[in-house]
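Quick note: the coordinates plus some simple rules give every number you see, no bench work behind them. These numbers come from a predicted model, not from an experiment. Backbone-built Cβ (ideal geometry, glycine too); neighbour counts: all protein chains shown.
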Amino acid sequence: MTELIRVSGLQVHFPIRSGLIDALARRPRGVIRAVDGVDLAIDEGQVLGLVGESGSGKTTIGRVIVKLTKQTAGRITFAGEDVSALWGPKQLRDYRRRVQLIFQDPYETLNPRQTIHDFVAEPLEVNGLAPRLADREAQVISALESAGLPADFAFRYPHELSGGQRQRVVIAGALVMGPQLVVADEPVSMLDVSIRTELLRLMLDLREERGLTYLFITHDLALAWVIADRIAVMYLGKIMEIGPAQTVISSPRNPYTQALVSVSPSPDPPDAGMRAKRTILKGETPDAAHIPTGCRFHPRCPVAFDRCQVEEPPLFDLGGGQSAACWLVEKDQLPVLDPAILPGLPAPSPGVTPEAAT
Ligand SMILES: Nc1ncnc2c1ncn2[C@@H]1O[C@H](COP(=O)(O)OP(=O)(O)OP(=O)(O)O)[C@@H](O)[C@H]1O
Ligand SMILES: [Mg+2]
């Protein structure tokens, strides 16, 4: 498999400036370590699911990859080329065509006064990709059709569309540029559950038809399992575990992943005994401005010991493409998650089954 994108040693730190005086003095009050040393790679045609609680740094990684946020440190390689230092509209023209972002909220992305045609055609126009109107129209209609919308939607306005149709318009807006990589940030979380499956299927169909590669960002581990080939689990700016989707879900080897798996929604209400076995995370909710020493998860970890408070574990290679950051993994002493508490994750719908899960 050919690697399409790799980020190495990625750090994104935001200064905290609280008051006017701090701002004027350009004196930061501290720093938010939103992304704190992340390495990940995605092969062509693969879907990497990036999972983690709110504030773990998922969107920040997505924004760095699409070049909306500058990294503090680290390297980004795309199709074998170092793109870390590319900035400005001219330098990024080609990159912006090849790497597209789909946001969570189609209501915010679409301008209520703009027709669907004008929204989808805008990036073509801005980038001078189809100077003739007739060419632009043809490309817009082709993108709409690829996103499963009829051509006559081109002349409608956002308010005439349902939530699912609007998200298809947003997808068409990304497709019109002919991207290789799509960063999808919670693309279905605003949609009704009934429409989610359709959109996920569309995204996977597009991967087949166009050879698309996805970074799929979600806080929902079960959703990542349905759509992704590989899953990376983030906690406070770091990857705690990464591996094939099926392996990460069925034999998680980091206590944080285990906790996430154990609280993932199950279709049937668990009985009282099972509920008791679920890992309830203790401690304060994480804060990227105050990252604990040692293993950043240790204050909430049910199996932490002395070393975890002082030394940060690296990602240990477990074979089979799985790695986990935990000192107990190194010692091979991590308690295996009791299969009885594994959630009955929803069966993937036909056509939405990732290869890794079959
Ligand atoms: N521009 C910014 N300036 C300052 N802090 C920021 C900025 N963007 C993000 N952060 C902080 O960085 C951390 C990571 O934020 P990010 O949005 O990447 O998390 P996330 O995993 O996408 O969360 P969610 O699931 O809520 O979308 C948070 O603590 C957030 O408050
Ligand atoms: Mg986010």
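What the table below lists for this structure:
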quantity: Other-chain or far-sequence residues with amide H under 5 Å of L50's (modelled H); calculated: F216, I217, T218, A232
quantity: Local net charge near R96, Cβ-Cβ under 14 Å (Lys/Arg +1, Asp/Glu -1); calculated: +3
quantity: Simple label model, 7 Å out from Cα along Cβ direction - E330 to E311, nm; calculated: 0.4 nm
quantity: Cysteines without a disulfide-compatible partner [the chain; Cβ-Cβ under 4.7 Å]; calculated: C301, C326
quantity: Between helix 193-210 and the chain: long-axis angle, C-alpha atoms, 0 to 90°, nearest 10; calculated: 70 degrees
quantity: Residue-averaged [θ]222 nm for the chain, counting only DSSP H segments that reach four residues, each worth -39500 (n - 2.57); calculated: -9500 deg cm²/dmol
quantity: Residues whose placed amide H lies under 5 Å from that of T72, excluding near-sequence neighbours; calculated: Q11, V12, H13
quantity: Per-residue HN-Hα couplings for segment 225-233 [Karplus 6.51, -1.76, 1.60; θ = phi - 60°; Hz; x = Gly/Pro]; calculated: 5, 5, 9, 9, 7, 10, 10, 10, 9
quantity: Cβ-based exposure ranking for E209, E198, E145, in which fewest neighbours within 10 Å come first; calculated: E209, E145, E198
quantity: Lysine pair count for the chain [Cα-Cα under 15 Å; pairs on different chains or 8 or more apart]; calculated: 4
quantity: Shape of segment 44-83, Cα gyration tensor, a/c cut at 1.5; calculated: oblate
quantity: Pairwise label distance in nanometres, E160 with V193, each label 7 Å out on the Cα-Cβ vector; calculated: 3.3 nm
quantity: The chain: antiparallel DSSP beta bridges as a percent of all, rounded to 5; calculated: 60 percent
quantity: Quotient of C-alpha Rg and 2.2 N^0.38 Å, computed over the chain; calculated: 1.04
quantity: Integer Hz, Karplus 6.51/-1.76/1.60 couplings in order for segment 126-134, x for Gly and Pro; calculated: 4, 8, x, 8, 9, x, 8, 4, 4
quantity: Net charge over other residues, Cβ less than 15 angstrom from the Cβ of L191 (K, R count +1; D, E count -1); calculated: -3
quantity: Inter-part distance where segment 87-135 and segment 240-263 are each reduced to a Cα centre, Å; calculated: 37 Å
quantity: Crossing angle, helix 163-175 versus the chain [Cα axis fit, 0-90 degrees, rounded to tens]; calculated: 80 degrees
quantity: Per-residue Cβ neighbour rank within 10 angstrom, fewest leading, S146, S8; calculated: S8, S146
quantity: Normalised alpha carbon radius of gyration of segment 211-261 [divisor 2.2 N^0.38 Å]; calculated: 1.07
quantity: Prolate/oblate/rounded call for segment 48-127, Cα gyration tensor, a/c under 1.5 rounded; calculated: oblate
quantity: Amide H contacts under 5 Å for I102, placed H, 5+ residues apart; calculated: V183, A184, D185
quantity: HN-Hα J in Hz across segment 91-97 - Karplus 6.51, -1.76, 1.60, θ = phi - 60°, x for Gly and Pro; calculated: 5, 8, 3, 5, 5, 5, 6
quantity: Cβ-defined net charge surrounding D152, 13 Å radius [Lys, Arg +1; Asp, Glu -1]; calculated: -2
